């Protein structure tokens with residue numbers, strides 16, 4: 001998976017932010033283009049629903065645009081926008097209902113056509129691994145949805161987005177120790193949920 005743009009080119013992000021703060025809408029459009037794939041993956045892995053993800057992404061970028069003047073650069077732009085994304089998605093999940101359950105019919109299996117998912121599930125020679133992608137995705141979605149929102153969030157940020165413990169602690173505004181303990185617990189839960197499938 002590609003690295004986040006800010007990690008490889010922090011100057012460009014800060015320049016785009018400064019231009020956007022001064023009213024350059026094209027600069028903000030570039031930030032949206034740059035962060036849409038990673039934020040899409042983040043929100044989708046927390047909601048397991050494409051329509052909700054698309055709606056939330058629009059709301060996240062709208063809120064970021066409205067709040068951009070208040071962004072002081074104390075953290076990197078990606079930490080700031082991820083924090084907005086995580087908080088808005090968690091609020092959405094709480095409104096949707098803490099005990100929302102996903103039935104097999106509800107699970108969005110369209111991800112097998114998602115370029116990022118295909119890239120992850122293809123081997124070096126470009127052929128799909130010998131797995132039933134629909135079944136695997138259903139199991140993963142079900143397992144993720146059984147986790148609490150806090151645990152699902154750290155798994156998404158660490159295992160799927162590839163962020164470090166220190167970055168996650170800034171985004172969630174919790175200690176690194178809390179991040180580690182949530183990850184440990186969530187990984188144990190996921191292993192137990194997926195045990196039958198991976199044997």
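Residues that are part of a loop (DSSP other than H, G, I, E, B) and modelled with pLDDT under 90 were ranked within region 155-172; the one that is nearest to residue 37 (Cα to Cα) is 161.
Listed here are the residues, each with its yes/no results for (1) in a helix (DSSP H, G or I); (2) modelled with pLDDT under 90; (3) touching a helix residue (DSSP H, G or I) at 6+ places or on another chain (Cβ under 7 Å); (4) within 15 Å of residue 171 (Cα to Cα).
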{"residue": "40", "(1), (2), (3), (4)": "yes, no, yes, no"}
{"residue": "45", "(1), (2), (3), (4)": "yes, yes, yes, no"}
{"residue": "62", "(1), (2), (3), (4)": "yes, no, no, no"}
{"residue": "74", "(1), (2), (3), (4)": "no, yes, no, yes"}
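Tell me which residues, restricted to region 1-34, are touching a helix residue (DSSP H, G or I) at 6+ places or on another chain (Cβ under 6 Å) and modelled with pLDDT of 90 or more. Scanning region 1-34 gives 16, 17, 19, 20, 21, 27, 28, 30, 31, 32, 34. Against the criterion of being over 21 Å from residue 151 (Cα atoms) and buried (at least 22 other Cβ atoms within 10 Å of the Cβ), residue 35 qualifies. Can you say whether residue 95 is assigned to a helix (DSSP H, G or I), at pLDDT below 90 and farther than 24 Å from residue 12 by Cα, as far as the supplied structure shows? Answer is yes for this residue.
Just a yes or no: is a residue in region 49-58 without any contact (Cβ under 8 Å) to a residue 60 or more places away in the chain, outside any helix (DSSP H, G or I) and closer than 17 Å to residue 152 by Cβ? Please lay out each step first, then the result.
The initial filter retains those residues of region 49-58 that are without any contact (Cβ under 8 Å) to a residue 60 or more places away in the chain, namely 49, 51-58.
Next cut, outside any helix (DSSP H, G or I) only: 49.
Add one more test, that the residue is closer than 17 Å to residue 152 by Cβ, and what stays is 49.
The answer is yes, given that some residue of region 49-58 is without any contact (Cβ under 8 Å) to a residue 60 or more places away in the chain, outside any helix (DSSP H, G or I) and closer than 17 Å to residue 152 by Cβ.
The values are calculated or read from the model by the stated rules, or taken from the named source; none is laboratory data. Since the structure is predicted, the reported quantities are computational estimates derived from the model, not experimental observations. Positions of Cβ are backbone-derived with ideal geometry, glycine not excepted, and every protein chain shown enters the neighbour counts.
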